[in-house]
1. If each residue of separation counts as 0.36 nm, what is the full-extension length gain between Tyr192 and Ile35 once their alpha-carbon separation is subtracted?
2. Determine, for each peptide in 28-36, 95-103, the mean count of other beta carbons within 10 angstrom over its residues, then list the peptides with the highest first.
3. Taking amide H atoms as placed 1.01 Å from N in the peptide plane, list the residues 5 or more away in sequence, or in a different chain, whose amide H sits under 5 Å from that of Gly83.
4. For the stretch 143-218, count the residues as N, evaluate 2.2 N^0.38 Å, and divide the Cα radius of gyration by that value, please.
5. For Lys212, give me every one of the aspartates and glutamates with a C-alpha distance below 16 angstrom, ignoring sequence neighbours fewer than eight places off in its own chain.
6. Roughly speaking, what is the stretch gain from Asp138 to Leu226, that is 0.36 nm per residue apart minus the C-alpha to C-alpha distance, in nm to one decimal?
7. Working out 0.36 nm times the residue gap between Arg81 and Ser185, then minus their Cα-Cα distance, what length gain in nm do you get to one decimal?
8. Ranking request for peptides 161-167, 176-182, 206-212: highest mean number of other beta-carbon atoms within 10 Å first, then the rest in descending order.
Amino acid sequence: MKKISFAVLLFVFVCLCGVVTAEAVYEKPILFRGIEWGTAYNEVVETYPNKNQSEWEPSGIDAAFYGGEAVHYGKVGFRVRSGLPQGVTVAGYDVNDIYLNFVYTPDETGRLAKDKDHAVLCLAEYEFDFGSKKESYDAALEDLTNKLTLLYGDIDNQPSSGYGTRAVWKGAEGTLVSLNCRRGSYLNGGYYYRIYINYSFEGMETLLQDAKKALDMEFSFITDGL
């Protein structure tokens, strides 16, 4: 399978699983807008408040778990890009985009069922775009760190002091939320600044591994031309 980049944010988020070692101080599962991890796509669509969504299928998911080597997962799911209804904010900030990531699950034959009836939620994220406003970005980063700490307790891990994953909070049942930063370059010069809040759970690793095994099994039965 040709390996091309997809879900870089997914890669960044699951990489941090390898460095989360502190005991959880938040005793409840950390969820995205109250939706349980592993919820079927159709249920998420019914629950999620904004129907103005666009979807696309990844060509692969590159993920590194618990500090291990990056593993390439083939076509094992898809993403939904969305937003919030007009006037709705998160922690007082406008949200540029929301991304919901779904993984396909094997059917009763063990093959990967590439349809939405067999897709479940494994990762969600908010994107906050501050453009070139560095001061606004800095202030929001401090504010969101304080607000997440207020909700989920002390930070469990701080992998980076610059750009990348800045803080990780760990909840019950292997759930996680992380605060991530990015600085990019405009084509005409200057920088833009974005903050991401990623939500997921450690069970995502099992979902992706099961999907990859199902793909491998399907591939093993291809005998055309032999």
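The values are calculated or read from the model by the stated rules, or taken from the named source; none is laboratory data. Here the structure is a predicted model, which means the values were calculated and not measured. Using ideal geometry, Cβ is built from the backbone for each residue, glycine included, and neighbour counts are taken over all protein chains shown. These area figures cover heavy atoms from the full protein model, side chains too; ligands, DNA and RNA do not enter into them. Shrake-Rupley method; radii C 1.70, N 1.55, O 1.52, S 1.80 Å.
1. 53.4 nm
2. 95-103, 28-36
3. Ile98
4. 1.45
5. Once the sequence-local aspartates and glutamates are set aside, what remains near Lys212 is Glu57, Asp62, Glu69, Asp107, Glu108, Asp115.
6. Full extension of this stretch gives 25.7 nm more.
7. Roughly 35.2 nm would be gained on extension.
8. Descending packing order for the listed peptides: 176-182, 206-212, 161-167.
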